[in-house]
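Chemist: I am attaching a structure below and will ask some questions about it afterwards.
Here, each number is a calculation from the coordinates, and none is a lab measurement. For clarity, every value in this text was computed on a predicted model and none was experimentally measured. Quick reminder, even Gly has a Cβ in these numbers, built from the backbone with ideal geometry, and neighbours come from all protein chains shown.
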Amino acid sequence: MSQRQSSSQDASGSSSPPSPLELSAEQRMLLDMRDTLYEGNWDDFICDLEARLQGQPHVFEIVPDTPHFAKTIRNHLRIIADLKAWEQAHDTILHAHPVG
């Protein structure tokens with residue numbers, strides 16, 4: 001089950017929770033990394049992954065050098081795009097763990 005920080009409003013102005021989203025282990029890992037390493041900022045996370053993919057200087061080496069690291073990074077970027085789109089569509093911020 002997803003962890004949400006806020007709720008959205010329906011047409012009548014009443015607050016209703018966003019549609020539930022079941023998070024995979026990989027999605028939770030990426031949410032944890034965003035919150036811990038990039039202070040909750042998807043754009044900084046994306047820039048760092050793209051820089052690594054292009055062989056440019058980057059802040060964190062979160063994907064080990066393997067023959068398939070580029071494929072892994074592209075997969076992470078796709079998952080991040082999906083999570084970011086879900087957050088925007090539901091006007092909420094996902095967290096891997098409850099926010100208290």
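Chemist: Calculate one ³J(HN,Hα) per residue across the range 51-56 by plugging θ = phi - 60° into the Karplus curve 6.51 cos²θ - 1.76 cosθ + 1.60, and present them in order as whole Hz with x for glycine and proline.
Modeler: Those phi angles translate into 4, 4, 4, 8, x, 9 Hz.
Chemist: A follow-up question, please. Which whole-percent values make up P(r) of the range 39-100 when all C-alpha to C-alpha distances are grouped in 5 Å steps starting at zero?
Modeler: Whole-percent P(r) values from 0 Å outward: 3, 16, 25, 22, 16, 11, 5, 1, 0.
Chemist: So if each residue of separation counts as 0.36 nm, and I subtract the Cα-Cα distance between residue 43 and residue 29, what length gain in nm does that give?
Modeler: 3.4 nm
Chemist: Something else: Going by how many other Cβ atoms sit within 10 Å of their own, how do 45, 69 line up, fewest first?
Modeler: Final ranking by Cβ density, sparse to dense: 69, 45.
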